[in-house]
Amino acid sequence: MVVMTNSAAVLADAAAYAAAVEEASVAAAAYYATGESGLDDDAYDRLARGIAAYEADHPEEVLAASPTGKVAGGAAVGDVPHTVPMLSLDNVFSAEQFATWTASLERRIGRPVTAWSVEPKLDGLAVAARYRDGRFERLITRGDGTAGEDVSHAAGAVVGLPERLAEPVTIEVRGEILMTNDQFDQGNAIRTEHGGAPFANPRNGAAGTLRAKDRAYRVETTFFAYGALPLPDSGELGETLAELPHSEVLSYVAGLGVHTAAGTDVAPVLAATVEEVQARVDAIGSLRAALPFGIDGIVIKADLAADQREAGSGTRAPRWAIAYKLPAVEKITRLVSVEWNVGRTGIIAPRAVLEPVEIDGSTVGYATLHNPADITRRDLRLGDQVMVYKAGDIIPRIEAPVVHLRTGDETPIDFPESCPQCGSAIDTSEQRWRCTRGRNCRLVASVSYAAGRDQLDIEGLGATRVVQLVDAGLVADFADLFTLERAQLLALDRMGETSTDNLLAAIETARTRPLSRVFCALGVRGTGRSMSRRIARYFATMDRIVAADVDTLQQVDGIGKEKAAAVVAELVELAPLIAKLVAAGVNMTEPGATPPPEPGTEEAAGADAEAGGDGGTGPTLPLAGMTVVVTGAMTGALEKLSRNQMNELIERAGGKSSSSVSKRTSLLVAGDKAGSKRTKAEDLGVRIAVPEEFAELVGAFLAAGENA
Ligand code: IVH
């Protein structure tokens, strides 16, 4: 079911109320004048609800400028009177509110409504298109509902509004003009090419495009009809339309050649019961993210003409229709920075880092940016307020900068001059930039990672050397390191005898690293140093890790269902590499770890009952069941150990390593210059040991880990 946000701004006093009215008026005026507003929908709605709530409590204080006094949609613009007022719709935000609304409608007409039309609430702006004898005559905006602006000049670029109808009828078709996502992208591209500011979102784009006169370029929009009514000289058609169910009016209009939502995934459907309506509401809600145009809700209408007639209309909205609002999927937030990530094939893709913002129940901190040209085309700048769209499972996207919110402090986005992954040159001949190393770019990065200090720790194998090896075709994955020959290395530039022998010796040592480090070197997503240690300690051998299914992997502390599935999938892909490592004689076991018993054996039943049973480490280990934090500089026997090596040591000795002190910490190893962690441990009464005491505690394991 769709969950609604319907919170309101809380206005404490008359001054806060006046300020809110002012803010709403400025936003509405800006929106209706230019198609742009400094408030996103959510913020505007919250403000409007706050104003309405205040007015309900203080009816004597209502200001003339209040947005609640108008036909919703804004100020009067234009001087073409509407034959019948263009009304707005009341809103509901939940299944309960919808059920209450249907009950009151049915009470009013004295019978159940047996046919509901359930249709998308198109997120654009309402217009009336008049046709005389089948020819297009005039296009009018809603304006204040009683009179609108003549925007006939724009009709030629509105897809779905034909110049001639299929029959020579005189009729007014009403509906929504919007920009599809494609039209929005194309429109903004053309606009910025001509030096114009991009539209913040498709709705603003449609509004601005309708109003614009004498543009040097053409921007298309799309019309969707959602109703029709006769004009004074429509003749018999008037009576016919008055008796047709709404659904048939829509089919009739479509038959005349006018575009409706009929061909879309969210086409209007008829529902007989409130339950059926709700099912369609939910279906439309989940289709929303994938639609090629924006919707902001679902409109539900009593379908039969008699039901509509008897329900009648208020001054603002009809009583036979309601808008079931969907949560806002657009927010304005700040573009903080741009990251450049290199994909598997060497494509360098920019990603926007945003000031985190909550949209439709999730926090959005990043958005896709397609390529550098796209950034230029959209004139995005660091520090810009940007309109961000996020619905359902789609990756959030920036629609455009909100140009009129610029302060002048925005700065250009720097494009990388060399590959951010490997430092090589960038091929900028295509829209999507690519590292000149292509797929080998990732290879350099993944081999360098594998050789890194916390993985195989191969001294003398920095990125430059890896680049050399890859370029010479000697290394296609990091397993190839283990079969490098002396002569091959000597043939490389700047590789003398000493460096060659040192490198070969370092590789030899790497062959005997514990499984946790070999596994970490594989670079399986989501398995960094400590997760790799946990996995290695749990399974003890690579064979068992590879054989583990999703359920078994979840036995490892910190691995949930999703991560387990991802690890299993990635290990399948890595099977050839692992086989190559095995063939090269790389160690595939974790010293000191005992594998978990086979499920279903007697041993397994016993192990389950064992306190703190952590996959075979056994209860005799000195740190069994303990959570240990290390802080400050280590001294004595521990002096040379990196933090990662300290954590390895803790885990070999049966403990769990952690980086922060809490109530659950069993021991803090505090070296020289230990700071806040020590204070916190003292406050919490956590046991504290100096490095020497700790070294004594884990002495045996210290020796065992010499090679780690
Ligand atoms: S019916 C008298 N149907 O939503 C009935 N309106 O918030 C009024 N809208 O002013 C309109 N999709 O601009 C109707 N399928 C739809 C609609 C729709 C979008 C807009 C329309 C209206 C506004 C009210």
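Values quoted throughout were computed directly from the atomic coordinates according to the rules given, and no laboratory measurement underlies them. Just so you know, these numbers come straight off a predicted model, no measurement behind them. Counting neighbours? That spans all protein chains shown, and the Cβs are built from the backbone with ideal geometry, glycine included.
General remarks:
- Cβ-based net charge around residue 687, under 14 Å, with every Lys or Arg adding one and every Asp or Glu removing one: +2
- The spacing between region 129-196 and region 228-291, judged by their C-alpha centroids, is 19 Å.
- Size of electric dipole in the chain: Cβ of Lys, Arg +1 and of Asp, Glu -1, about Cα centre, debye, nearest 20: 1060 debye
- Expected 222 nm ellipticity per residue - DSSP helices of 4 or more, -39500 (n - 2.57), all of the chain, to 500: -10500 deg cm²/dmol
- Against the chain, whose longest principal axis comes from its Cα atoms, helix 181-193 is set at around 90 degrees.
- Around residue 672: net Lys/Arg minus Asp/Glu count, Cβ-Cβ under 15 Å: +2
- For region 372-475, a simple Cβ point-charge model (Lys and Arg +1, Asp and Glu -1, everything else neutral) yields a dipole of about 280 debye relative to the Cα centre.
- You can think of it this way: the chain between residue 273 and residue 676 has 138.8 nm of extra reach, that is 0.36 nm per residue less the Cα-Cα gap.
- Per-residue Karplus couplings for region 219-233, computed as 6.51 cos²θ - 1.76 cosθ + 1.60 with θ equal to phi - 60°, are listed in order as 10, 8, 10, 10, 9, 10, 7, 10, x, 8, 8, x, 9, x, 10 Hz, Gly and Pro entered as x.
- Tail fraction, Cα-Cα pairs, region 212-329, threshold 16 Å, whole percent: 69 percent
- Positive-end residue, the chain charge dipole about Cα centroid, Cβ charges, pick of 324, 584, 223: 584
- The Kirkwood radius of region 113-186, taken over pairs of alpha-carbon atoms, gives through the Stokes-Einstein law at 37 °C and 0.692 mPa s a diffusion coefficient of 238 µm² s⁻¹.
- Rg over Rh for region 201-253 works out to 1.18, using Cα positions for both radii and the Kirkwood form for Rh.
- Among 151, 188, 82 - extreme Cα towards positive end, dipole of region 68-196, charges at beta-carbon: 82
- Dipole of the chain, positive end: most advanced residue of 524, 202, 43 [Cβ charges, Cα centre]: 524
- Counting Lys and Arg as +1 and Asp and Glu as -1 over every other residue whose Cβ lies under 13 Å from the Cβ of residue 304, the net charge comes to -3.
- Taking every alpha-carbon pair in region 270-335 and binning the separations at 10 Å intervals from zero gives 18, 39, 30, 11, 3, 0 percent.
- Where Rh is the Kirkwood radius over Cα pairs, Rg/Rh for the chain: 1.09
- When only Cα pairs below 8 angstrom with a gap of at least 6 residues are kept, the chain shows a relative contact order of 9 percent.
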